[in-house]
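Student: One structure, pasted below without further comment.
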Amino acid sequence: MYPDLVHLGGADKYVEEILEIVNTIKLFGDFSDEEVRYFCSYMQCYAAPRDCQLLTEGDVGDYLLLILTGEVDVVKDIPTKGKQVIAKVGVGTVIGEMSMIDGLPRSASCITSLPTDFAVLTRESLYELLVNMPKLGNKVLLKLMQLLTSRFRESSDRFLPKTMGELI
């Protein structure tokens, strides 16, 4: 998946570290330690240097990333303005979830601004989780849906008042 990066192995090797930051990870909101341990067995971890492009706007993606250390700039190519950093995200943030779920091209690029370790959850791994542990898999899906709707509401709140004012 990331042949030029250091493959750190399965996230299950880093469960203790992940449990230390679990309170910052919205995806794991109300998961028990055992559920986190099991979920980690479905993810792979990588280490990326600064200025490494993790996701590319327009690419089709079937996986999401969970930021474990470091920081990532979310960059969007905005017509007439060029590439703009629209967000800085750090430990505990999930990125790439929209494309993993809907199979459509990435809506933004993500570039590390610091050395960053991250875990990857593929759509295939999520399907395996759903088959092997349906209750936990459904809990993950529900958390992803909550994350998506939360981001949609935040975007709507930022964008719509400006747009509505211009339309009136």
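Student: In segment 99-122, what count of residues is obtained for those that are under 16 Å from the mean Cα position of the chain (by Cα), exposed (fewer than 15 other Cβ atoms within 10 Å of the Cβ) and farther than 15 Å from Val75 by Cβ?
Tutor: 3
Student: Of all residues in segment 24-59 being in a helix (DSSP H, G or I) and without any contact (Cβ under 8 Å) to a residue 24 or more places away in the chain, which is nearest to Leu126 (Cα to Cα)?
Tutor: Going through segment 24-59, the residues in a helix (DSSP H, G or I) turn out to be 24, 26-28, 33-40.
Checking the rest, the ones that are also without any contact (Cβ under 8 Å) to a residue 24 or more places away in the chain come to 33-34, 36.
On the way: Asp33: 19, Glu34: 17, Val36: 14 Å.
Filtering first and then ranking leaves Val36.
Student: Go through (1) buried (at least 17 other Cβ atoms within 10 Å of the Cβ); (2) over 25 Å from Ser150 (Cα atoms) and name the single condition Leu65 misses.
Tutor: All conditions pass for Leu65, except number (2).
Student: Sticking with this structure for a sec: Which count do you get for residues in segment 24-38 that are more than 15 Å from the chain's Cα centre (by Cα) and either buried (at least 16 other Cβ atoms within 10 Å of the Cβ) or within 16 Å of Leu129 (Cβ to Cβ) (or both)? Please lay out each step first, then the result.
Tutor: The first filter runs over segment 24-38 and keeps only residues more than 15 Å from the chain's Cα centre (by Cα), leaving 30-38.
The next check asks that each one be either buried (at least 16 other Cβ atoms within 10 Å of the Cβ) or within 16 Å of Leu129 (Cβ to Cβ) (or both); those that pass are 31-32, 34-38.
Of the residues in that region, 7 qualify.
Student: Kindly indicate the residue of segment 1-23 that is within 16 Å of the chain's Cα centre (by Cα) and not in a helix (DSSP H, G or I) and also modelled with the highest pLDDT among those meeting that condition.
Tutor: The qualifying residue modelled with the highest pLDDT is Tyr2.
Student: Now a separate question. Go through segment 79-121 and give me each residue that's touching a residue at least 12 places away in the same chain (Cβ under 8 Å), part of a helix (DSSP H, G or I) and of a type outside the set (S, T, N, Q).
Tutor: Glu97, Met98, Met100, Ile101
The values are calculated or read from the model by the stated rules, or taken from the named source; none is laboratory data. Bear in mind that the values here come from a model prediction, so they are computed numbers and not experimental data. Heads up, the Cβs are rebuilt from the backbone with ideal geometry, glycines too, and the neighbour counts pull from every protein chain shown.
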